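K.L.:
Below you'll find the structure I mean.
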């Protein structure tokens, strides 16, 4: 086994987390699942497959992953979501990194590609992201952001890149994706408010078409035919909803501020 801990955050992932855990069991003796209140048997399944399962109330994406880091036993950390699965090639690549001791770099970006319903593997030309997911705990920690789960590395950290893929099965169905994105946009709008970010209103008018074009052509969803078109539409909807909810919060906050001034007698009264 490698000097590596794998940590996974989860809630109601009994249909997907099994593949995630099985794909890493030959790499580590320390698989940690941080559960935020599953009701579908996720905890029992994860324990049956050899994971340590801990409960932590949901604090936000970044904070939940930081909590997960703190529970790991080994110096090297690999983070996966409950809907992600290491490909056989990536497993072999990670094992080879540790074949002669410590890997040459303290952090590695791992390529992640969407696998849609009805697909056994991602399209060969599918859009990929490559965030840092494998790293030594001395050089990085997850941010404490409410919505952004990224590893913040110490300045000057040299990051390597692995060639193997993580298969990301994030979509159970189009309807499930809409429900998930609706909840996520609530958190995004709140995050903008907490950080004091104000997005201009004119963005509302162009966000949907711009986001659709970005997803359909920029992220190569057109390669997936009709299903790719539908996924691009959902992407555009959630980008639009994020701004729509942000705009709604601005309106509500402005009204509350106006009423507060009125109560204090600071709002000029109309002449009789």
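The values are calculated or read from the model by the stated rules, or taken from the named source; none is laboratory data. Since we're looking at a predicted model, the values are computed, not measured. All Cβ positions, glycine included, derive from the backbone under ideal geometry; neighbour counts span all protein chains shown.
K.L.:
What's the total number of residues in region 52-66 that are farther than 11 Å from residue 146 by Cα and either touching a helix residue (DSSP H, G or I) at 6+ places or on another chain (Cβ under 8 Å) or outside any helix (DSSP H, G or I) (or both)?
P.N.:
Total meeting the criteria: 6.
K.L.:
Kindly provide the set of residues from region 10-42 that are assigned to a helix (DSSP H, G or I) and in contact with a strand residue (DSSP E or B) (Cβ under 7 Å, 6 or more places away or on another chain), ordered by number. It would help to see each step written out before you state the result.
P.N.:
Restricting attention to region 10-42, the residues satisfying the condition of being assigned to a helix (DSSP H, G or I) are 17-22, 42.
Passing the criteria: 17, 19, 20, 21, 42.
K.L.:
Scan 45, 78 and give me the residue that is surrounded by 19 or more Cβ atoms within 10 Å (Cβ to Cβ), in a helix (DSSP H, G or I) and outside the structural domain of residue 185 (by TED's automatic domain parsing).
P.N.:
Values: 78 fails: in a helix (DSSP H, G or I).
Exactly one of 45, 78 is surrounded by 19 or more Cβ atoms within 10 Å (Cβ to Cβ), in a helix (DSSP H, G or I) and outside the structural domain of residue 185 (by TED's automatic domain parsing), namely 45.
K.L.:
Kindly provide the set of residues from region 120-135 that are touching a residue at least 60 places away in the same chain (Cβ under 8 Å) and out of contact with any strand residue (DSSP E or B) (no Cβ under 6 Å at 6 or more places or on another chain), ordered by number.
P.N.:
Once the filter is applied, which keeps residues that are touching a residue at least 60 places away in the same chain (Cβ under 8 Å) and out of contact with any strand residue (DSSP E or B) (no Cβ under 6 Å at 6 or more places or on another chain), region 120-135 yields 123, 125, 127.
K.L.:
Any chance region 99-107 includes a residue that's over 18 Å from the mean Cα position of the chain (by Cα) and more than 18 Å from residue 4 (Cα to Cα)? Walk me through how you get there before you give the answer.
P.N.:
Within region 99-107, the first condition is being over 18 Å from the mean Cα position of the chain (by Cα), and the residues that meet it are 99-107.
Checking the rest, the ones that are also more than 18 Å from residue 4 (Cα to Cα) come to none.
No; the residues of region 99-107 include none that is over 18 Å from the mean Cα position of the chain (by Cα) and more than 18 Å from residue 4 (Cα to Cα).
K.L.:
Within region 81-103, can you find the residues that are touching a strand residue (DSSP E or B) at 6+ places or on another chain (Cβ under 7 Å) and exposed (fewer than 14 other Cβ atoms within 10 Å of the Cβ)?
P.N.:
89
K.L.:
Here is a list of conditions, (1) over 18 Å from residue 149 (Cα atoms); (2) within 23 Å of the chain's Cα centre (by Cα); (3) modelled with pLDDT of 95 or more, and residue 83 meets all of them except one; can you say which number that is?
P.N.:
Result: residue 83 passes all but (1).
K.L.:
Looking at 125, 192, 188, which is the one that is under 13 Å from the mean Cα position of the chain (by Cα) and either outside the structural domain of residue 60 (by TED's automatic domain parsing) or assigned to a loop (DSSP other than H, G, I, E, B) (or both)? Spell out the reasoning first.
P.N.:
Details: 125 fails: under 13 Å from the mean Cα position of the chain (by Cα); 192 fails: under 13 Å from the mean Cα position of the chain (by Cα).
None of the others qualify; the one that does is 188.
K.L.:
Say we look at region 111-125 and pick out the residues that are touching a helix residue (DSSP H, G or I) at 6+ places or on another chain (Cβ under 7 Å) and surrounded by 16 or more Cβ atoms within 10 Å (Cβ to Cβ); which of these is modelled with the highest pLDDT?
P.N.:
Applying the first criterion (touching a helix residue (DSSP H, G or I) at 6+ places or on another chain (Cβ under 7 Å)) to region 111-125 yields 116, 123, 125.
From the residues that got through so far, the ones that are surrounded by 16 or more Cβ atoms within 10 Å (Cβ to Cβ) too are 116, 123.
Working: 116: 90, 123: 87.
Among them, the one singled out is 116.
K.L.:
Suppose the filter is touching a residue at least 12 places away in the same chain (Cβ under 8 Å) and not in a helix (DSSP H, G or I); does residue 199 pass it?
P.N.:
Details: touching a residue at least 12 places away in the same chain (Cβ under 8 Å): yes; not in a helix (DSSP H, G or I): yes.
Yes, satisfied.
K.L.:
Follow-up. Working carefully through the options 224, 251, 242, find the one that is part of a helix (DSSP H, G or I) and closer than 15 Å to residue 127 by Cβ.
P.N.:
Criteria check complete, one pass: 224.
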